[in-house]
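Asker: One structure, as structure tokens, below. Some questions next.
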Amino acid sequence: MIYDKNNIFAKILRGEIPCKKIYENDFVLSFYDINPQKKVHALVIPKGEYIDLDDFILNAKEKEITEFFKSISHVAKLLNVSNKEGGYRVLSNIGKNGGQEVPHLHFHIFGGENVGKMISN
Ligand code: AMP
């Protein structure tokens, strides 16, 4: 699979589309989901061009991977949903069966309330 440079998150990273930024460093950007499913619904994306978790783990540098996962926990703290503050759910959709809509790796952070059962249809 080839990375689509015109996906919406690539456009956000290039500053072509605005986002409600929560956190940024050299490796990641975090912003609020445009269509929140829970009281708190944030996204964390790597700045590198990775389609999904499989692509990321295969092709990213160790530093990018470490910084990415550290950032998820950091953003949860910034949003006051860390385990001490009630907890949260992290979720990443991968591919067709995973329901992935945007082909740039992203982890969702859901919290601010009881986010319910893991999977519902
Ligand atoms: P997924 O189904 O896991 O690929 O999730 C894609 C997510 O991106 C959805 O929750 C959308 O609401 C969200 N989304 C799409 N466009 C934007 C945007 N411009 N800004 C913020 N979130 C977006």
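Asker: Pairs of Cα atoms under 8 Å, at least six residues apart: use those to get the relative contact order of segment 1-106, whole percent.
Answerer: 30 percent
Asker: State the Cα centre-to-centre distance between segment 1-61 and segment 81-99 in whole Å.
Answerer: Each part reduced to its Cα centre gives a spacing of 15 Å.
Asker: Scale the Cα Rg of the chain by the rule-of-thumb value 2.2 N^0.38 Å and send over the ratio, two decimals.
Answerer: That ratio works out to 1.02.
Asker: Further question: Expressed as an acute angle from 0 to 90° and rounded to the nearest 10, what is the orientation of the C-alpha long axis of helix 62-78 relative to the principal long axis of the chain?
Answerer: So the inclination is approximately 30 degrees.
Asker: Please give me, ordered by residue number, the trypsin sites (Lys or Arg not before Pro) of segment 28-121 that lie in loop per DSSP and have at most 13 other Cβ atoms within 10 Å.
Answerer: Lys39, Lys61, Lys117
Asker: Subtracting the Cα-Cα distance from 0.36 nm times the residue separation, let me have the gained length for Ile17 to Leu78 in nm, one decimal.
Answerer: Between Ile17 and Leu78, full extension yields an extra 19.6 nm.
Asker: May I pose another question? Where the only charges are on Cβ atoms (+1 Lys, Arg; -1 Asp, Glu), what is the dipole of the chain about its Cα centre, to the nearest 20 debye?
Answerer: Magnitude of the dipole: close to 380 debye.
Asker: Another question about this same structure. Taking segment 14-84 on its own, what percent of its Cα-Cα pair distances exceed 20 Å?
Answerer: 33 percent
Asker: Let's see if you can work this out: charge +1 on each Lys and Arg Cβ, -1 on each Asp and Glu Cβ, no other charges. What is the dipole magnitude of segment 1-55 about its Cα centre, in debye to the nearest 20?
Answerer: With only Lys, Arg, Asp and Glu charged at Cβ, the dipole is about 380 debye.
Asker: If you roll a 1.4 Å probe over the chain with all protein chains in place, what percent of the accessible area is carbon or sulfur?
Answerer: For the chain, the apolar C and S fraction of the accessible surface comes to 52 percent.
Asker: Bin width 10 Å, alpha-carbon pairs only: give the P(r) of segment 61-121 as whole percents, running from 0 to the bin holding the largest distance.
Answerer: All Cα pairs considered, the percentages come to 19, 43, 34, 4.
Asker: Related question: Would you mind counting up the charge near Lys63? Only other residues with Cβ under 13 Å from its Cβ, with Lys and Arg at +1 and Asp and Glu at -1.
Answerer: With Lys, Arg at +1 and Asp, Glu at -1, the neighbours total -1.
The values are calculated or read from the model by the stated rules, or taken from the named source; none is laboratory data. Owing to the predicted nature of the structure, the values given are computational and were not obtained by experimental measurement. As a convention, Cβ positions derive from the backbone with ideal geometry for all residues, glycine included, and neighbour counts pool all protein chains shown. Note: areas computed on protein heavy atoms with side chains; ligands, DNA, RNA excluded. Shrake-Rupley method; radii C 1.70, N 1.55, O 1.52, S 1.80 Å.
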